[in-house]
Every structure is written in C-alpha cells, then in structure tokens.
C-alpha cells in the first residue's frame with residue numbers, strides 16, 4: 001500500500017545535517033499515513049519525514065524520529081488498550097513505591113517499570129497486571145505480602161502504610177458516603193435549606209443510577225409528609241430548621257468524575273428551585289405517591305421508598321423525555337416545574 005501524504009509543506013526553522021550536501025541545512029517536514037508491522041499485526045499511524053531544502057533528499061532528524069516512535073507507541077496502546085505512562089505513575093504515587101521495588105514485587109526485571117515510564121510499551125499481559133493493581137488495592141496488598149522478601153523493609157513498610165490508608169478511606173467512604181454527598185451539595189450551593197438538600201440528594205441518587213447503573217450511596221429514603229427524606233442526613237441538619245444551612249468549609253470534590261458531573265447537573269437543574277417547590281415536585285412522582293397511600297396529608301410515616309421503585313420510575317422518565325446526556329435532566333425538571341405551575 002502506498003504512503004498517503006497528509007501535509008507536504010511544513011517548513012522548519014531548525015537545521016540538521018544532510019549526508020548528501022555534507023552540511024547542516026534547513027529542511028521541510030512531510031507527514032504521511034503509514035502501515036507498519038508491530039507485534040505481529042499491522043499498525044496504521046501518522047509518520048513525519050524530513051527533506052533537505054537544498055537537494056530534496058530525506059534526512060535523519062533525531063527529534064522527528066523520537067516523535068514517530070511516540071506516535072507508533074501511542075497507536076499500539078490505543079489498539080491493545082495498553083496502560084498509559086500517566087496511569088503507571090499513578091500506581092507509584094498511590095502505593096508510595098519506587099520503580100525498582102514495584103518491578104521486583106511483580107517478579108519482573110529491575111528496570112522494567114523504568115523502561116515503561118520512558119516510553120516502552122508493555123505487553124498486554126503486563127499491562128493488564130498493572131491496571132489490575134491500579135484499580136484494586138486488595139490485589140496490590142496480596143502481591144505485596146506474597147513478595148515482600150523481594151524488596152527492602154523500608155519499601156515494604158511505605159507501601160503497606162499507603163494501602164492501609166486507602167483501606168481506611170474506602171471504609172469511611174462506604175459507611176458514610178451519603179454524608180459526603182450531602183456536604184458536597186451544601187458546599188456547591190450558595191443557599192440551601194435542609195428541605196432542599198433532601199430533595200437534591202433524592203434526585204442525585206435517581207439520576208446517578210440512571211446514567212451509571214450504580215447507586216450514589218446505599219441509604220434508603222422514607223416517604224415523609226414533605227417528600228422523600230434520608231433520616232441520617234435529616235438528623236445532622238435538623239437544627240437549621242427552615243433556615244439556610246451554614247457552611248464555612250471550602251468546596252469539596254467527589255472521587256468519581258462522572259458522579260460529580262451528575263450531582264452538579266442536579267444542583268443546576270433542580271437546585272434553582274426552592275425547597276418547597278422541590279417538595280411539590282416529588283409529590284407529583286410515583287415513588288413518593290405510592291408510599292403515602294392510605295395516609296393522611298400530614299400523617300407521619302417511616303415507609304421506605306424502595307430503590308427499585310425509584311429506578312423503575314426514572315427509567316420511564318428516561319424513555320419519555322429521551323434522556324441521553326446529563327444536560328437532558330433539564331427537560332424533565334423544567335416540565336415538572338411547569339406542570340406544578342399550571
């Protein structure tokens with residue numbers, strides 16, 4: 001297959017040695033699409049080539065050669081879903097471990113990780129192993145304990161302490177996650193009452209499940225007089241009553257970018273309404289309505305609104321409003337507001 005020229009006229013102000021002219025010359029860089037055999041398969045990528053401006057022959061330029069190798073390696077990584085250099089750096093930082101100790105723990109050559117950080121592309125099995133320990137601290141802990149004799153005591157202790165810190169953080173996150181989400185919402189809103197907070201938690205949970213198929217937190221809400229309520233959060237902020245929640249800390253962030261984007265969208269498209277308006281919105285929705293059946297308008301209740309009921313309702317909303325992107329949440333909130341106002 002012939003090379004396909006992409007750009008044939010990129011001038012370069014630098015000079016390089018031409019073996020034909022026997023002197024340093026200005027050169028022009030042409031970009032072409034090439035196919036090379038790499039790891040037993042054809043790899044198509046963009047390659048640059050320098051041509052002498054005096055004689056027109058191809059010349060070697062070290063920086064361009066390095067750039068071509070980087071382009072080839074990047075394409076191989078994309079094709080085989082190979083772990084990136086940034087992700088490998090994240091492993092070292094996450095577990096507070098050096099390049100050589102990590103290589104030794106994994107039973108690899110001492111400079112294997114060093115080579116990968118300099119640009120060498122791991123094989124697929126090696127890449128999968130690295131990505132596994134990046135995502136799974138338990139796997140890293142298992143490898144550390146099984147191979148601790150392969151590294152120095154100080155490296156072992158530093159890595160072990162890092163894993164313990166991760167475990168403690170994960171335990172707290174799992175057991176009190178709703179409090180963290182609540183604090184995040186409060187920190188992002190200039191003014192918010194406990195009533196509005198409850199409803200934003202409810203919608204954040206519903207839409208997170210809708211978009212990610214995972215729950216934002218484990219807690220169930222109850223069908224109280226004024227709409228869905230998460231009891232633990234209610235107890236934490238009850239002293240503010242109908243007043244704005246006072247918050248002096250800086251804005252926090254969530255560990256999961258997608259979840260943060262969804263909660264931000266809920267704040268944007270539902271947080272613009274008052275707590276009483278949000279209460280009326282939830283009173284229009286099936287999950288709260290069916291759990292208040294047989295109760296008086298102001299009769300207290302601790303009936304749990306099952307997650308499955310919420311899921312079913314919002315899946316129907318997804319179909320009705322053709323909700324595909326996070327921003328589509330606005331279509332539902334706007335329509336619900338108009339319905340209440342009519």
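Descriptive notes on the structure:
Table: residues versus (1) closer than 16 Å to residue 226 by Cβ; (2) surrounded by fewer than 18 Cβ atoms within 10 Å (Cβ to Cβ); (3) assigned by TED's automatic domain parsing to the domain that holds residue 234.
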{"residue": "255", "(1), (2), (3)": "no, yes, yes"}
{"residue": "271", "(1), (2), (3)": "no, no, yes"}
{"residue": "274", "(1), (2), (3)": "yes, yes, yes"}
{"residue": "293", "(1), (2), (3)": "no, yes, yes"}
{"residue": "296", "(1), (2), (3)": "yes, yes, yes"}
{"residue": "308", "(1), (2), (3)": "no, yes, yes"}
{"residue": "314", "(1), (2), (3)": "no, no, yes"}
{"residue": "319", "(1), (2), (3)": "no, yes, yes"}
{"residue": "327", "(1), (2), (3)": "no, yes, yes"}
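- Qualifying positions in the stretch 212-266 - closer than 22 Å to residue 285 by Cβ and assigned to a loop (DSSP other than H, G, I, E, B): 213, 214, 215, 216, 217, 218, 219, 220, 225, 226, 230
- Any chance residue 235 is closer than 22 Å to residue 184 by Cβ, assigned by TED's automatic domain parsing to the domain that holds residue 201 and exposed (fewer than 14 other Cβ atoms within 10 Å of the Cβ): yes
- Within the stretch 49-100, being assigned to a loop (DSSP other than H, G, I, E, B) and free of Cβ contacts under 8 Å to residues at least 60 places away in the same chain holds for 53, 54, 55, 56, 57, 60, 61, 81, 82, 83, 84, 98.
- Every residue from the stretch 126-166 that is more than 11 Å from residue 105 (Cβ to Cβ) and part of a loop (DSSP other than H, G, I, E, B): 136, 152
Rundown of residues vs (1) touching a helix residue (DSSP H, G or I) at 6+ places or on another chain (Cβ under 9 Å); (2) on the phi < 0 side of the Ramachandran plot; (3) at pLDDT below 95, yes/no style:
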| position | (1), (2), (3) |
| --- | --- |
| 238 | yes, yes, yes |
| 241 | yes, no, yes |
| 246 | yes, yes, yes |
| 263 | yes, yes, no |
| 268 | yes, yes, no |
| 275 | yes, yes, no |
| 278 | yes, yes, no |
| 282 | yes, yes, no |
| 308 | no, yes, no |
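- Restricting 309, 289 to those that are under 17 Å from residue 201 (Cβ atoms) and part of a helix (DSSP H, G or I) reduces the list to 309.
The values are calculated or read from the model by the stated rules, or taken from the named source; none is laboratory data. Predicted model, so just to flag it, every value in this text is computed and none were measured. Note: ideal-geometry Cβ built from the backbone for every residue, glycine included; neighbour counts use all protein chains shown.
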